[in-house]
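J.: Attaching a single structure in structure tokens format; questions to follow.
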Amino acid sequence: MVTARIRRAILPLLLLLLCQTAGAQILRDSWRHEVSFGGGMSTNRSFFVDVSYFWFPLEYVGLGAYVGINGTSGKNDIPWGKVTSTPYYDQWILTPEHQNITGLTFTPSVMLCTPALRIQALRISLRAAPGLVLTPAIERVEAEFREVNPSKPAELSNFKYEKYWLKGPQWWAWSIRAMLHFSLDELGGGIGWSLSSYDVWSTRRSGVIEGTSFSTFYPAPKPLNHNFFLYFTWKF
């Protein structure tokens with residue numbers, strides 16, 4: 001009798017646990033929101049980091065956008081030149097805070113996913129995300145003009161600082177990302193490659209100071225650039 005009572009008490013608990021497990025599985029299959037963080041390198045001698053948000057109205061189709069920061073860190077890409085307009089200064093160079101480039105991008109995209117290959121709890125799928133890259137086509141830089149007086153230590157010399165506004169040719173570009181995606185429950189990540197017409201150097205190439213063009217210091221423009229990246233995701 002005691003054993004039968006225990007069975008009658010345990011059976012509803014097992015059914016309740018089974019229902020909760022099934023409900024959790026349905027919830028996992030119906031997640032509709034995803035955020036990500038990633039970064040990588042580009043063949044145009046730059047790097048980037050970005051975050052994204054996507055809403056999935058359909059199981060394999062998402063709508064969202066990436067917000068990214070693209071930058072450079074090359075020590076050989078520092079514009080400088082001779083001063084010919086005044087006898088008081090003999091050289092100009094971009095100030096340290098403007099020697100590297102930082103470009104902001106906003107990329108509305110469509111996320112297309114294949115059905116996942118399931119290996120126990122691991123899910124593997126392919127993704128593609130075509131998008132439109134929007135970026136400011138104007139930038140401010142500052143140059144330091146150095147005094148002609150080799151007998152003085154550098155810290156005692158007089159300097160002049162001038163600000164310049166640069167207007168570039170590119171305020172939009174296109175990109176397409178291809179990704180191999182892995183996920184375990186709500187957490188995931190993957191590796192990816194992208195092809196884009198975005199050029200982080202484009203606005204800087206328009207700069208000219210004292211007859212010296214910035215374009216001579218930067219990589220030659222390319223119609224397309226390749227990017228390789230890693231990313232991590234969280235669904236909710």
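The values are calculated or read from the model by the stated rules, or taken from the named source; none is laboratory data. Note that this is a predicted model, so its numbers are computed, not measured. Neighbour counts are summed over all protein chains in view; Cβ atoms, including those assigned to glycine, are modelled from backbone coordinates with ideal geometry.
J.: Being under 20 Å from residue 231 (Cα atoms) and surrounded by 14 or more Cβ atoms within 10 Å (Cβ to Cβ) narrows it down to one of 103, 81, 74, so name that one.
T.: The unique qualifying residue is 103.
J.: Collect the residues in segment 41-60 that are without any contact (Cβ under 8 Å) to a residue 60 or more places away in the chain and of a type in the set (Val, Ile, Thr), keeping them in residue-number order.
T.: If the condition is that a residue be without any contact (Cβ under 8 Å) to a residue 60 or more places away in the chain and of a type in the set (Val, Ile, Thr), then 49, 51 are the ones that fit.
J.: Given (1) touching a Gly at 6+ places or on another chain (Cβ under 9 Å); (2) more than 30 Å from residue 54 (Cβ to Cβ); (3) touching a residue at least 60 places away in the same chain (Cβ under 8 Å); (4) surrounded by 15 or more Cβ atoms within 10 Å (Cβ to Cβ), where does residue 164 come up short, assuming only one miss?
T.: Unmet condition: (3).
J.: Another one. Taking residue 40, is it surrounded by 13 or more Cβ atoms within 10 Å (Cβ to Cβ), over 20 Å from residue 110 (Cβ atoms) and either among the hydrophobic types (A, V, I, L, M, F, W, C) or modelled with pLDDT of 95 or more (or both)? Spell out the reasoning first.
T.: Details: surrounded by 13 or more Cβ atoms within 10 Å (Cβ to Cβ): yes; over 20 Å from residue 110 (Cβ atoms): yes; either among the hydrophobic types (A, V, I, L, M, F, W, C) or modelled with pLDDT of 95 or more (or both): yes.
Here the answer is yes, as residue 40 does meet what is asked.
J.: If you go through segment 144-161 one residue at a time, do you hit one that is within 22 Å of residue 71 (Cβ to Cβ), surrounded by 13 or more Cβ atoms within 10 Å (Cβ to Cβ) and in the same structural domain as residue 66 (by TED's automatic domain parsing)? Lay out the reasoning, then the answer.
T.: Here is the first cut: in segment 144-161, the ones within 22 Å of residue 71 (Cβ to Cβ) are 144.
This time we only want the ones that are surrounded by 13 or more Cβ atoms within 10 Å (Cβ to Cβ), so: 144.
Remaining after also requiring in the same structural domain as residue 66 (by TED's automatic domain parsing): 144.
Yes - at least one qualifying residue is present in segment 144-161.
J.: What about residue 166, is it at pLDDT 90 or above and closer than 30 Å to residue 35 by Cα?
T.: Values: at pLDDT 90 or above: yes; closer than 30 Å to residue 35 by Cα: no.
For residue 166, the condition - at pLDDT 90 or above and closer than 30 Å to residue 35 by Cα - is not met.
J.: Additional query: Pick from segment 61-71 the residues that are in contact (Cβ under 8 Å) with a residue 60 or more places away in the chain and either touching a Pro at 6+ places or on another chain (Cβ under 9 Å) or not in a strand (DSSP E or B) (or both): which of them is surrounded by the fewest Cβ atoms within 10 Å (Cβ to Cβ)?
T.: Our first condition is that a residue be in contact (Cβ under 8 Å) with a residue 60 or more places away in the chain; within segment 61-71, this holds for 65-66, 70-71.
Applying the additional criterion that residues be either touching a Pro at 6+ places or on another chain (Cβ under 9 Å) or not in a strand (DSSP E or B) (or both) yields 65-66.
On the way: 65: 18, 66: 23.
Ranking the candidates gives 65 first.
J.: With respect to residue 109, determine if the residue is of a type in the set (Ser, Thr, Tyr) and not in a strand (DSSP E or B). Break it down stepwise before answering.
T.: On the way: of a type in the set (Ser, Thr, Tyr): yes; not in a strand (DSSP E or B): no.
No; evaluated as a whole, the condition is false for this residue.
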